[in-house]
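Worksheet: the structure to be examined is printed underneath.
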Amino acid sequence: MGGMMLFAGLGKFAFVSGEPFDASGFLVHGVDPVSPVSGLYAAMAGNAALLEVINVVVPVTQVLIGVALIAGAFVRLAALGGAIQMIAFYLGGWEGQWLALFDSTLIYAVVFLALGAFAAG
């Protein structure tokens, strides 16, 4: 899980991917209107200052979560941060179908919560 988060975060940096991370694509076009957070995410995308903060916070926290889990330091805090991010991504991608209830991001959130609960580190 640490490696997954580390490489997901690193891939969002311009020096790795070639272009800077921009969350507006997901916040505007990636969120289904039936999602319970569609209005919130659209408002976040509409605020330029908040969007700039999100564009920095998401990759930095992913790298920090990955490093913490790999190092075994601050495991509970890193696991909580990972679970929160995965739940935010899950709610943003949820289309309202019950068959899509258990997708990979929800499973990742549960794994992060388990890591935190057992203080695996």
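The table for this structure:
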item	result
Rounded to whole Hz, the Karplus (6.51, -1.76, 1.60) HN-Hα couplings of segment 4-11, x for glycine and proline	4, 5, 4, 6, 5, x, 4, x
Helix-only [θ]222 nm of the chain, DSSP H runs n ≥ 4, -39500 (n - 2.57) each, per residue, nearest 500	-21000 deg cm²/dmol
Accessible carbon and sulfur surface of segment 1-118 relative to its total accessible area, %, 1.4 Å	73
Rounded to whole Hz, the Karplus (6.51, -1.76, 1.60) HN-Hα couplings of segment 60-65, x for glycine and proline	5, 5, 5, 5, 5, 4
Label-point separation, Val34 to Val60 (7 Å along Cα→Cβ), nm	3.7
Per-residue ³J(HN,Hα) for segment 28-37, Karplus 6.51 cos²θ - 1.76 cosθ + 1.60, θ = phi - 60°, Hz, x for Gly and Pro	8, 9, x, 9, 5, x, 7, 5, x, 10
Label point distance in nm, Ser24-Leu51, each placed 7 Å from Cα along Cα→Cβ	0.3
Column: log10 I(q)/I(0), Debye, Cα scatterers of the chain, q = 0.11, 0.13, 0.19 Å⁻¹	-0.39, -0.54, -1.07
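The values are calculated or read from the model by the stated rules, or taken from the named source; none is laboratory data. None of these values were measured; they are calculated from a predicted model. Note that each Cβ is placed from the backbone with ideal geometry, even for glycine, and that neighbours are counted across all protein chains shown. Heads up: the accessible areas ignore ligands, DNA and RNA and are worked out on the full protein's heavy atoms, side chains in. Shrake-Rupley method; radii C 1.70, N 1.55, O 1.52, S 1.80 Å.
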